[in-house]
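Let me begin by handing over the structure; questions about it come next.
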Amino acid sequence: MTATARLTLDPAFRIAPVEPRLFGSFVEHMGRCVYTGVFEPGHPLADADGFRTDVLELTRELGVTLVRYPGGNFVSNYRWEDGVGPVRERPARLDLAWRSLEGNAFGLNEFMAWAAKAGVEPMMALNLGTRGVAEALELVEYANYPGGTRLSDLRRAHGADKPHDVRLWCLGNELDGPWQMGHKTALEYGRLAAETARALKRFDRDLSLVACGSSNSGMPTFGAWEAETLEATYDMVDYISLHAYYDPSDGDADSFLASGADMDHMIRSIAATADHVGAKLRSRKKIKLSFDEWNVWYQSRFHGESSLEWAEHPRLIEDDYDVTDAVVVGSLLITLLRNADRVGVACQAQLANVIAPIRTEPGGPAWRQTIFHPFALTARYARGEVLRVEPECAAITTGKYGEVPAVWATATHREATGEITLFAVNRDRHGPCALDVALPAGLVAVEHLELADDDPSARNSAADPARVVPRPGTGLRVESRRATLTLPPASWTIVRFAPQE
Ligand code: AHR
């Protein structure tokens, strides 16, 4: 018998407006994300700045709104000064994070020029691993001060006449992790982050600052790290970061399909931790969450940084994603939207080649991986207010997360047009689910697409770049305040409703 689920879409039940910064991505100097990813002078499609125009076009199509740069683990041993000024004078350096040779042909000003062409907001990470307050202040002055000081005039001499005016800054990256250059205890990090934040806010009190949370929820100090860090920084920061990667390769497919439940739990745990600190400090301020690294990553195939041989932009963690991976990415986006009242920034890691929706070949084509599609459709159609959607459905039993709802969903409502868009995932690999949707009066369906396949391991490739694409769903009926449709097994679905003309 086919499973059934019911849900109600009611514009009265609002969570929060859709924050455009939820559709962020991440460009790290890692593997081929920068070199031969977004930047490849000499490529037939490179523009005068050396940016691949095929990747720029795909970035715009993906609907990315914000890009975090330059790391990642890379930033914790990075000297930003190496990446500015005449390219021929820039030093080659060792990137200890990924045991890679960094030629520095691409740096801050190139990234800002690329971001302007891509139409994305820059989010910069500071090195608080091997460096400190002084270097952070110098970078912010170089980047943001209009002119008339040594560093701002240096930027102008480097060809960037106008300040970059970067509003969003990460106070380091994953400094709780022993793999990080300059790894710290929460006490050490909290003090450094607080002093850096105090100085940056003296420079410009309207900068938005992100304190590092835990590298992942499996860290032994998860929760305690955030509490101690926020106790030191509460008044001076705006966000605490979260990072999570979900690994399909451990054979537990039901748990993998339920990754959104874990992300949801993580968001609630860190929001509660932040609020606990706020209560202790008698503060009415709410710290928001910056989920600035999230994705599917076949992490168990990666044997660690120490296993790498020194190389220049090697092929690192270039995962090929299948249909199920795309369904999980869709469900993680649903989770972020469901928590739109708390998550203010989110970045899928990374943009090109390195666990990425966009793949490229040096000198060759660029193509959309399967995970490109749910991101692009969500970024395009999740507009207005997020609605509270609570499906009534059966539960799936998972090895890692216990019982989770079989259907995971969210919806957005644009008051100006009356459009409602539903995003839903059927986590059940074994059977379809008949979904019954209660709707406001007068709506019709204008689009119904799904990501599903008889072969859930199907992938896209340079040779077959459109093997997996969203396809029109079948069997959707809308009549008198009610829609019925079937969610295929292990699938992601979008349905757009609009007022009847
Ligand atoms: O995105 C790949 C790496 O994952 C990042 O450099 C690091 O921050 C995280 O551990």
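The values are calculated or read from the model by the stated rules, or taken from the named source; none is laboratory data. The shown structure was predicted, so the numbers you read here are calculated from the model rather than taken from an experiment. For neighbour counting, all protein chains shown are included, and Cβ atoms are generated from backbone atoms with ideal geometry for every residue, glycine included. Just the protein is used for accessible areas: all its heavy atoms, side chains included, with ligands, DNA and RNA removed. Shrake-Rupley method; radii C 1.70, N 1.55, O 1.52, S 1.80 Å.
Each label point is 7 Å from the Cα along the Cα-to-Cβ direction; what then is the distance between the points at residue 400 and residue 455, in nm?
With each label point 7 Å from Cα toward Cβ, the separation is 2.6 nm.
Taking K and R as +1 and D and E as -1, what net charge do the other residues with C-beta under 9 Å from the C-beta of residue 339 add up to?
Net charge around residue 339: +1.
Whole number in Å², please: accessible area per residue of segment 344-458, 1.4 Å probe, ligands, DNA and RNA not counted.
Values: 3830 Å² over 115 residues.
So segment 344-458 comes to 33 Å² accessible per residue, rounded to a whole number.
A further question on this structure: Expressed in nm to one decimal, what extension gain is obtained for the pair residue 57 and residue 501 from 0.36 nm per residue of sequence separation less their Cα-Cα distance?
156.5 nm
Related question: Angle between the Cα long axis of helix 133-144 and the longest principal axis of the chain, 0 to 90 degrees, nearest 10?
70 degrees
Next question, about the same structure. Between residue 204 and residue 464, what FRET efficiency follows from the Cβ-Cβ distance if R0 is 60 Å, with the result rounded to 0.05?
0.75
Please list, in chain and number order, the residues 5+ apart from residue 25 or on another chain whose amide H is under 5 Å from its amide H, with Hs placed from the backbone.
65, 66, 67, 68, 348
Another question, if that's okay. Per residue of segment 466-481, in order, report the coupling 6.51 cos²θ - 1.76 cosθ + 1.60 (Karplus, θ = phi - 60°) as ³J(HN,Hα) in whole Hz, putting x for Gly and Pro.
Coupling constants for segment 466-481: 10, 4, 10, 9, x, 10, x, x, 10, x, 6, 10, 10, 8, 5, 6 Hz.
Continuing with the same structure: Accessible area of segment 255-409 with a 1.4 Å probe: how many percent of it is carbon plus sulfur?
The value for segment 255-409 is 47 percent carbon and sulfur by accessible area.
Let me ask another. Note down the net charge around residue 151, summing +1 for each Lys or Arg and -1 for each Asp or Glu among other residues with Cβ under 12 Å from its Cβ.
Here the charged neighbours net out to -2.
Still on this structure: So if R0 is 51 Å, what FRET efficiency would residue 438 and residue 307 give, r being the distance between their Cβ atoms, rounded to the nearest 0.05?
The pair residue 438/residue 307 has a calculated efficiency of 0.45.
What residues qualify as long-range amide H neighbours of residue 15, i.e. H under 5 Å apart, gap of 5 or more or another chain, H built at 1.01 Å from N?
386, 387, 388
Rounded, prolate or oblate for segment 138-275? Axes are the square roots of the Cα gyration tensor eigenvalues, ordered a ≥ b ≥ c, and the cut-off for rounded is a/c under 1.5.
prolate
Quick check: Cα centre of segment 123-151 to Cα centre of segment 463-494, how many Å?
Using only Cα atoms to place each centre, the spacing works out to 48 Å.
Of the options 373, 149, 495, report the single residue whose Cα projects farthest towards the positive end of the charge dipole of the chain (beta-carbon charges: Lys, Arg +1; Asp, Glu -1).
Projecting each Cα onto the dipole axis, the largest value belongs to 149.
Under 25 °C and 0.890 mPa s, how fast does segment 413-452 diffuse according to Stokes-Einstein, given a Kirkwood radius computed over C-alpha pairs? Answer in µm²/s, whole number.
D, rounded to a whole number, is 195 µm²/s.
Rounded to the nearest 10 Å², what accessible area does residue 4 have for a 1.4 Å probe in the complete protein model?
Accessible area, nearest 10 Å²: 90 Å².
So what's the angle, to the nearest 10 degrees on a 0 to 90 scale, between helix 372-381 and the longest Cα principal axis of the chain?
80 degrees
Sticking with this structure for a sec: Please list 400, 184, 117 from largest to smallest accessible area, probe radius 1.4 Å, with all protein chains kept in place.
400, 117, 184
OK, next. Taking the 0 to 90 degree range and rounding to the nearest ten, how far is the long axis of helix 186-203 tilted relative to the main principal axis of the chain, both from C-alpha atoms?
The helix 186-203 is inclined about 80 degrees to the chain.
Separate question: Go through 21, 315, 429 and list them by solvent-accessible area, largest first, probe radius 1.4 Å.
315, 429, 21
Can you work out ³J(HN,Hα) from phi for every residue in segment 358-364, in order, using Karplus 6.51 cos²θ - 1.76 cosθ + 1.60 and θ = phi - 60°, giving whole Hz and x for Gly and Pro?
After applying 6.51 cos²θ - 1.76 cosθ + 1.60, I find 10, 10, 9, 10, x, x, x Hz.
List, in order, the whole-Hz ³J(HN,Hα) value for each residue of segment 266-281 obtained from phi through the Karplus relation with A = 6.51, B = -1.76, C = 1.60 and θ = phi - 60°; use x for Gly and Pro.
5, 4, 5, 5, 6, 4, 5, 5, 5, 5, 4, 5, x, 5, 4, 8
Summing Lys, Arg as +1 and Asp, Glu as -1, what charge do residues with Cβ under 10 Å from the Cβ of residue 359 carry, residue 359 excluded?
After counting each charged neighbour, the total is -2.
If you don't mind, there's one more thing I want to ask. Once the Cβ-Cβ distance between residue 191 and residue 149 is put in as r, and R0 is 25 Å, what FRET efficiency do you end up with, to the nearest 0.05?
E(calc), rounded to 0.05, equals 0.35.
Right, something else. Quick check on the chain: helices-only [θ] at 222 nm, where DSSP H runs of length 4 and up contribute -39,500 (n - 2.57) each and the sum goes over total residues. Nearest 500, please.
-7500 deg cm²/dmol
Over the Cα atoms, compute the radius of gyration (one decimal) and Dmax (the largest Cα-Cα distance, rounded to a whole number) for the chain, in Å.
Here Rg and the maximum Cα pair distance are 22.5, 73 Å.
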